[in-house]
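All of the numbers you see were taken from the coordinates with simple rules; none came from a lab. These numbers were taken from a predicted model, which means no experiment stands behind them. So basically every Cβ, Gly included, is an ideal-geometry build from the backbone, and we count neighbours across all protein chains shown.
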Amino acid sequence: MSNRFTGALLVGAALYSYVLAAQPAARQTGNVIFVMTDGLRWQEVFAGADPALMNKEAGGVADVDALKHAYWRETPKARREALMPFLWSHVASEGQIYGNREKGSEAYVTNGRNFSYPGYSETLCGFADGRIDSNDKKPNPNVTVLEWLSQKPAFHDRIAAFGAWDAIPYIVNATRSGVFANAGYDPLTAIPVTPSLAMLNRMKAELPKVWDEEPFDAVTFHSATEYLNARKPRVLYLSLGETDDWAHAGNYTEYLHAAHRVDAYLKTLWDWVQSTPEYRGKTTLVFSPDHGRGATASDWKSHGEKQPESKYIWIAFLGPDTPATGERSNIGAVTQNQIAATLASLLGEDYATAEPKAGKPITDVVKHR
């Protein structure tokens with residue numbers, strides 16, 4: 001074999017190796033479960049129960065001793081682990097979480113409204129829209145990443161959205177998009193009725209309506225798990241509401257209990273993923289709120305344009321394509337409008353190119369060679 005031919009083979013092999021190295025790693029994520037809990041502050045997520053609110057005056061706490069027994073610990077680390085044990089024992093340690101401003105990690109919304117519909121739309125569409133300036137139940141004029149994915153053969157009829165708030169079908173524009181949506185007090189009738197589903201539907205109809213627009217999170221969550229078991233969607237979007245409802249009511253006890261329950265729901269979902277062959281090792285969990293809240297004892301109940309601190313949120317990821325870098329610190333800010341493209345990128349899809357207005361994927365979340 002001539003030296004010239006040998007050299008050509010070596011150059012060709014080197015170029016082939018370079019091309020392989022330059023290509024992104026194949027995604028292992030085939031499914032995404034995206035859970036949002038409305039208006040849960042970054043302060044509790046990263047530091048646990050707030051001592052300034054564990055009293056009757058600021059937090060409406062009727063039994064301070066009982067609340068302290070449940071959630072008070074001597075250090076912020078211990079308090080957050082008491083409040084959200086699964087988030088800190090699994091999601092944050094085996095995945096990534098952004099938004100602890102005390103450690104130089106900021107996450108925030110870009111819509112400037114700092115309330116629900118603009119936040120959900122920004123999250124799911126990847127950009128803020130000034131036309132969305134209220135919580136009125138109007139069909140979203142924009143295409144969400146859920147709708148965009150559903151137009152692809154691999155995801156058609158494999159996406160579902162569940163929400164406590166009855167505006168969720170409007171936010172995902174279920175009528176236009178074809179994305180299955182179940183929210184508020186509407187019964188779930190799209191799957192065969194099991195005894196447990198029949199009971200959930202009865203609870204929606206018969207339980208007292210503490211809030212006109214949404215039932216308790218437990219009803220929404222267990223309805224979503226019934227669907228998950230029956231249909232096994234590739235993308236399940238789940239929005240829960242009690243953290244916001246109890247905060248607006250000034251009930252810090254129930255606000256903390258709601259956050260604790262959401263954490264338990266995450267564990268239930270992740271345990272199910274690990275026990276289900278179609279999902280085990282192939283599923284990414286995403287967790288975030290739609291907005292934050294005021295930072296002090298006098299304004300923690302509120303959010304919106306008049307509460308600039310309520311723009312700050314947090315975002316967590318756990319899955320096979322997300323390096324386990326844990327709680328992020330001393331890094332550049334991430335924004336709510338990056339979530340949609342990050343979700344798509346985890347599934348091997350390029351939403352940011354298809355929708356130029358969308359924020360770019362959070363590169364650290366998606367594994368590369």
Problem set entry | Qualifying GluC sites (Glu not before Pro) in region 68-98, DSSP loop, other Cβ atoms within 10 Å at most 13 | GLU74
Exercise. Once you treat every alpha carbon in region 29-365 as an equal point and sum by Debye, what is log10 I(q)/I(0) at q = 0.07, 0.13 Å⁻¹?
Worked result: -0.25, -0.95
For this session: List every residue whose amide H lies under 5 Å from the amide H of ALA161, counting only residues 5 or more places away in sequence or on a different chain, with H placed 1.01 Å from N in the peptide plane.
Result: PHE180, ALA181, ASN182, TYR237
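Could you give the DSSP H helices of the chain that reach 24 angstrom or more along their long axis (alpha carbon positions) and whose average Kyte-Doolittle hydropathy is no lower than 1.0?
Values: long enough: 3-22 (28 Å, 1.12); 252-275 (35 Å, -0.48).
Passing helices, by number: 3-22.
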Problem set entry | Spin-label pair THR110/LYS138, simplified geometry with 7 Å Cα→Cβ offset, distance in nm | 2.2 nm
Seminar exercise, completed: Shape call for region 179-251, from the Cα gyration tensor axes a ≥ b ≥ c (a/c under 1.5 means rounded, otherwise prolate when a/b beats b/c, else oblate), comes out oblate
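Relative to the Cα centre, what is the charge dipole magnitude of the chain, using +1 at the beta carbon of each Lys and Arg, -1 at the beta carbon of each Asp and Glu, and rounding to the nearest 20 debye? Show your work: numbers first, answer last.
Details: 37 positive and 42 negative charges, 255 e Å.
Dipole about the Cα centre, nearest 20: 1220 debye.
Counting only helical runs of four or more DSSP H residues, what would the 222 nm mean residue ellipticity of the chain come to if each run contributes -39,500 (n - 2.57) and the total is spread over all its residues? Let's see the in-between values first.
On the way: 15 runs with 140 residues, N = 369.
Taken over the chain, the calculation gives -11000 deg cm²/dmol.
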Seminar exercise, completed: Distance in nm between ASP212 and THR268 label points, each 7 Å along Cα→Cβ, equals 2.9 nm
Problem set entry | ALA70/HIS248 FRET efficiency (R0 22 Å; Cβ-Cβ; nearest 0.05) | 0.55
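How would PHE287, PHE115 line up from fewest to most surrounding beta-carbon atoms within 10 angstrom?
Details: PHE287 26, PHE115 23.
In increasing order of surrounding Cβ atoms, one gets PHE115, PHE287.
Using Cα-Cα distances under 8 Å and only pairs 6 or more residues apart, what relative contact order does region 29-365 have, in percent?
On the way: 721 pairs, mean separation 109.1, N = 337.
Relative contact order here is 32 percent.
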For this session: On a C-alpha basis, how far is the centre of region 168-212 from the centre of region 43-100 in Å? Whole number, if you could?
Result: 31 Å
